[in-house]
Amino acid sequence: MPNRDLALALLVVAVWGANFTVIRLGLDGVPPLLLAAIRFLLAAFPAVFFIRRPAVKFHYWLLYGLTVGVGQFGCLFYSIKIGMPAGVASVVLQSQVFFTFLFAALLLRETILPRQIAGLIVATAGLLLVGGVSNTAAAIAPAALLLTLAASAFWAMSNIVIRKAAASASAEGERLDMLSLVIWTALIPPLPLLSLSLLLESPATIATALAGFDGKSFFAVAYLAFGATLFGYGVWSYLLSRHPASRVAPLSLLVPVAGLITARIVLGEELTGSQWVGCLLVVAGLVLASFGITLRRRMPHPNRT
């Protein structure tokens with residue numbers, strides 16, 4: 001990969017890693033479900049007027065918008081609001097890899113490999129340490145951890161939807177444009193999220209948040225919509241169109257590293273020693289599950305980028 005493209009990939013990784021810290025900042029002035037709704041509104045408009053609609057059937061739009069928008073981000077924003085540290089959230093959310101393996105086995109009849117099971121065991125041990133089971137003073141609220149895992153599960157569901165949508169588009173002689181899908185399906189989540197916000201966060205809370213919308217809130221929604229979504233997915237799609245996925249995708253494992261570093265610098269988040277070990281175990285489990293066999297096969301020829 002040329003240095004320019006590598007720099008772009010690392011910039012996207014940094015933007016996505018910092019995304020969790022920006023969510024935490026945005027939640028200081030805007031309730032979580034309202035913040036998620038505004039994020040998707042800005043991601044959709046005005047971009048839908050300039051980007052061609054994705055070549056997929058509407059039910060894939062609906063399922064992707066609901067699983068990502070309402071499920072993944074609704075749960076993630078709420079978990080951070082009720083106590084999930086931003087840096088830890090960036091690590092725990094990556095457990096979507098294991099949920100994807102599970103859902104692919106159940107829905108697509110794919111085989112779960114031994115390395116995936118081994119990776120799951122390692123990552124589960126890490127999650128137990130991240131949750132603070134060995135240090136009650138630093139324990140993360142169980143509801144916050146469970147909501148983050150739920151966000152991971154919804155992300156995994158969206159991965160299955162993408163697989164189905166891509167296969168459907170291919171059968172019709174089309175190619176699934178991921179950036180187009182992200183932008184156009186951003187039209188789906190705002191109404192359900194606003195409805196849930198009215199139900200759970202109350203009209204009075206929403207009115208107060210909108211009336212007090214300040215510079216930090218504006219920065220947060222702009223970053224989430226234009227930086228993490230449009231810029232991030234736009235550049236990532238560009239890189240995947242120019243290079244093999246095997247060279248681009250592994251760089252995404254650096255997102256939780258960037259997430260932990262950003263949260264430490266900006267928010268001053270501190271983890272116990274056991275929680276740091278837990279984060280490392282989660283990342284190690286992801287690497288083992290995703291690339292274990294490939295790495296072993298290539299060890300005699302260590303020229304991988």
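Each value in this text was obtained by applying a stated rule to the coordinates, not by laboratory testing. Every value quoted in this text rests on a predicted model; they were computed, and no experiment measured them. All Cβ positions, glycine included, derive from the backbone under ideal geometry; neighbour counts span all protein chains shown.
A dipole drawn for the chain from +1 and -1 charges on Cβ atoms has a positive end, and of ALA171, THR185, SER217 the residue lying farthest that way is ALA171.
Residues considered: ILE112, ILE183, ILE38. Largest GNM mean-square fluctuation over the chain, using C-alpha springs under 10 Å, is found at ILE112.
Pair-distance distribution of the chain: all C-alpha pairs, bin width 10 Å, starting at 0; shares per bin in whole percent are 6, 26, 36, 25, 7, 1, 0.
For region 188-238, the fraction of C-alpha pairs more than 12 angstrom apart is 72%. The aspartates and glutamates whose alpha-carbon is closer than 18 Å to the alpha-carbon of LYS57, local same-chain residues fewer than 8 away aside, are GLU172, GLU174, ASP177. GNM remark for the chain: springs join alpha carbons under 10 Å apart, and the peak mean-square fluctuation among ALA37, ALA222, ALA245 falls on ALA245.
Would you compute, from DSSP H runs of 4+ residues alone, the mean residue ellipticity of the chain at 222 nm, taking -39500 (n - 2.57) per run and dividing by the full residue count, rounded to the nearest 500? Working shown, then result.
Values: 16 runs with 203 residues, N = 305.
Mean residue ellipticity, 222 nm, calculated: -21000 deg cm²/dmol.
Pairwise alpha-carbon distances in region 10-115 exceed 23 Å for 42% of all pairs. Placing unit charges on each Cβ (+1 for Lys and Arg, -1 for Asp and Glu) gives region 92-198 a dipole about its Cα centre, and among LEU147, SER158, SER197 the Cα reaching farthest toward its positive end belongs to LEU147. Charging the Cβ of each Asp and Glu at -1 and of each Lys and Arg at +1, and nothing else, the dipole of the chain about its Cα centre rounds to 920 debye. Please report, ordered by residue number, every helix of the chain (full DSSP H runs) that is 30 Å or longer along its axis going by C-alpha atoms and whose mean Kyte-Doolittle hydropathy reaches 0.0. Helices passing the filter in the chain: 3-26, 142-171, 273-298. Taking PHE49, PHE218, PHE103 in turn, the Gaussian network model of the chain (Cα-Cα springs below 10 Å) assigns the largest fluctuation to PHE49. Take every pair of alpha-carbon atoms less than 8 Å apart whose residues are at least six positions apart; their mean separation over the length of the chain yields a relative contact order of 42 percent. Whats the longest run of the chain with zero GluC sites (Glu not before Pro) that are DSSP loop and have at most 12 other Cβ atoms within 10 Å? Maximal segment without exposed cleavage sites: 1-171. In this simple spin-label model, placing a label point 7 Å from the Cα along the Cα-to-Cβ direction at both ALA7 and ILE82 gives a separation of 4.4 nm.
Enumerate by residue number the trypsin sites (Lys or Arg not before Pro) in region 1-62 meeting two conditions: DSSP loop (anything except H, G, I, E, B), and at most 11 other Cβ atoms within 10 Å of the site's Cβ.
Those that pass, being in a loop and sparsely packed, are ARG52.
Each label was represented as a point 7 Å from its Cα along the Cα-to-Cβ direction; for PHE226 and ALA167 these points are 3.9 nm apart.
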